[in-house]
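**Student:** Can you read through this structure? Questions will come right after.
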Amino acid sequence: MKKLLFLLTLVLVLGSCSEYQKVLKEEEVGPKYKLAEELYKEGKYKKALRLFEQIVPQFRGKPQAERVMYYYSDTYYNLEDYYLAGYQFERFAKSYPNSEKREEAAYKGAKSYYYLSPRYSLDQEETDEAIQKLQAYINAYPDSENLEEANKLVAELRNKKEKKAFEIAKQYHHRENYKVAIKAFDNYLIDYPGSSFREKALYYKLESQYLLAIGSYEVFVKERLETAESFYNNYKKYYKEGEFTADAEEISEDIKTRLEKYK
């Protein structure tokens, strides 16, 4: 019985494959379109794509073109080929501005760019593009059911950029290039005033100035310690009980001790 079921399954599979290959080689567009749509709806996107690639040029200007182009774009999206999905969805949205699928296409196109955004340690050019695309969608469709998710994606991408900028400044600190680190943290705090890394940036800026001061020639020590003290006061103003409060207070006490000898 098991052997019989296996043979029947094998016959069905081979029959299905031979039908697909037959349609793939046909000249007529109709059977290709019908099978491509069936495969798309069944989630067999790789097979559907091969057929769509053959028929898309032949449907341009025809009534079915809108439907075909949406399936074609969405097939790339479901195959996680986000470069082509983003491109094709953008073409669809521009080509069919009155389509009932236009908003969905606009969102999936923008979201494709989100998926292309690399990890924070790499160049963030594609992250900038993703933010731009998602923000354009948010502005165009302020009442969309996708609005909450779109805003979350934008926030995530912006946080990634913030982290990138913060890590660059922190690297200067860890490499003991304190002057550059202080400047980098200053720029970071100006560019990202509401950042989740703000406390860390203020603390590392303080520590950089402190370490710069105590490692300086004597002629520069007093002035640089006083600057470090002002950085501590600024940190303390915002974070009385922060993650780095204890470390900051320890630095502050040492600054006061060192400054005593200049009085």
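**Student:** Across segment 167-225, which residue is nearest to Lys236 (Cα to Cα) among those that are of a type in the set (D, E, K, R) and outside any helix (DSSP H, G or I)? Don't jump to the end; show me each part of the working.
**Tutor:** Residues of segment 167-225 that are of a type in the set (D, E, K, R), as a first pass: 167, 170, 175-176, 179, 183, 186, 191, 198-200, 205, 207, 218, 222-224.
Filter once more, keeping what is outside any helix (DSSP H, G or I): 175-176.
Values: Arg175: 25, Glu176: 24 Å.
The residue in question is Glu176.
**Student:** Of all residues in segment 143-188, count the ones that are open to solvent by 70 Å² or more (accessible area, probe 1.4 Å), basic (Lys, Arg) and closer than 17 Å to Lys205 by Cα.
**Tutor:** Number satisfying all stated conditions: 3.
**Student:** Among the residues that make up segment 33-42, is at least one of them over 23 Å from Glu80 (Cα atoms), free of Cβ contacts under 8 Å to residues at least 24 places away in the same chain and either assigned to a helix (DSSP H, G or I) or among the β-branched types (Val, Ile, Thr) (or both)? Steps first, answer last, please.
**Tutor:** Residues of segment 33-42 that are over 23 Å from Glu80 (Cα atoms), as a first pass: 34.
Subsequent filtering for residues that are free of Cβ contacts under 8 Å to residues at least 24 places away in the same chain retains 34.
Filter again for either assigned to a helix (DSSP H, G or I) or among the β-branched types (Val, Ile, Thr) (or both), leaving 34.
Within segment 33-42, one or more residues are over 23 Å from Glu80 (Cα atoms), free of Cβ contacts under 8 Å to residues at least 24 places away in the same chain and either assigned to a helix (DSSP H, G or I) or among the β-branched types (Val, Ile, Thr) (or both).
**Student:** When you check Ala201 against the structure, is it crowded, with 16+ Cβ neighbours inside 10 Å, closer than 22 Å to Asp74 by Cα and touching a residue at least 24 places away in the same chain (Cβ under 8 Å), yes or no?
**Tutor:** Numbers: crowded, with 16+ Cβ neighbours inside 10 Å: yes; closer than 22 Å to Asp74 by Cα: no; touching a residue at least 24 places away in the same chain (Cβ under 8 Å): yes.
When the stated conditions are applied, Ala201 does not pass them.
**Student:** Moving on. Being surrounded by 15 or more Cβ atoms within 10 Å (Cβ to Cβ) and within 24 Å of the chain's Cα centre (by Cα) narrows it down to one residue among Leu79, Leu84; which is it?
**Tutor:** Values: Leu79 fails: surrounded by 15 or more Cβ atoms within 10 Å (Cβ to Cβ).
Matching residue, one of Leu79, Leu84: Leu84.
**Student:** Also, quick follow-up: So in segment 87-132, with the set limited to residues that are within 23 Å of Lys62 (Cα to Cα) and assigned to a loop (DSSP other than H, G, I, E, B), which one is most open to solvent (accessible area, probe 1.4 Å)?
**Tutor:** Filtering segment 87-132 down to residues within 23 Å of Lys62 (Cα to Cα) leaves 87-106.
Remaining after also requiring assigned to a loop (DSSP other than H, G, I, E, B): 96-101.
Values: Tyr96: 55, Pro97: 78, Asn98: 148, Ser99: 16, Glu100: 171, Lys101: 71 Å².
Restricting to residues being within 23 Å of Lys62 (Cα to Cα) and assigned to a loop (DSSP other than H, G, I, E, B), the top hit is Glu100.
**Student:** Continuing with this model, one more query. Would you mention how many residues in segment 239-262 are under 19 Å from Leu202 (Cα atoms), open to solvent by 30 Å² or more (accessible area, probe 1.4 Å), assigned to a helix (DSSP H, G or I) and touching a Lys or Arg at 6+ places or on another chain (Cβ under 9 Å)?
**Tutor:** 1
**Student:** Filter segment 207-238 for residues that are aromatic (Phe, Trp, Tyr) and open to solvent by 50 Å² or more (accessible area, probe 1.4 Å); which is farthest from Lys179 (Cα to Cα)? Outline the logic, then answer.
**Tutor:** As a first pass, look at segment 207-238 and keep what is aromatic (Phe, Trp, Tyr): 210, 217, 220, 231-232, 235, 238.
Add one more test, that the residue is open to solvent by 50 Å² or more (accessible area, probe 1.4 Å), and what stays is 217, 220, 238.
Details: Tyr217: 14, Phe220: 13, Tyr238: 23 Å.
For segment 207-238, the residue satisfying everything is Tyr238.
The values are calculated or read from the model by the stated rules, or taken from the named source; none is laboratory data. All of these numbers come straight from a predicted model, not from anything done at the bench. A quick note on method: Cβ atoms are made from the backbone with ideal geometry, for glycine too, and the neighbour counts reach across all protein chains shown. Please note that ligands, DNA and RNA were not included when accessible areas were found on the heavy atoms of the full protein model with its side chains. Shrake-Rupley method; radii C 1.70, N 1.55, O 1.52, S 1.80 Å.
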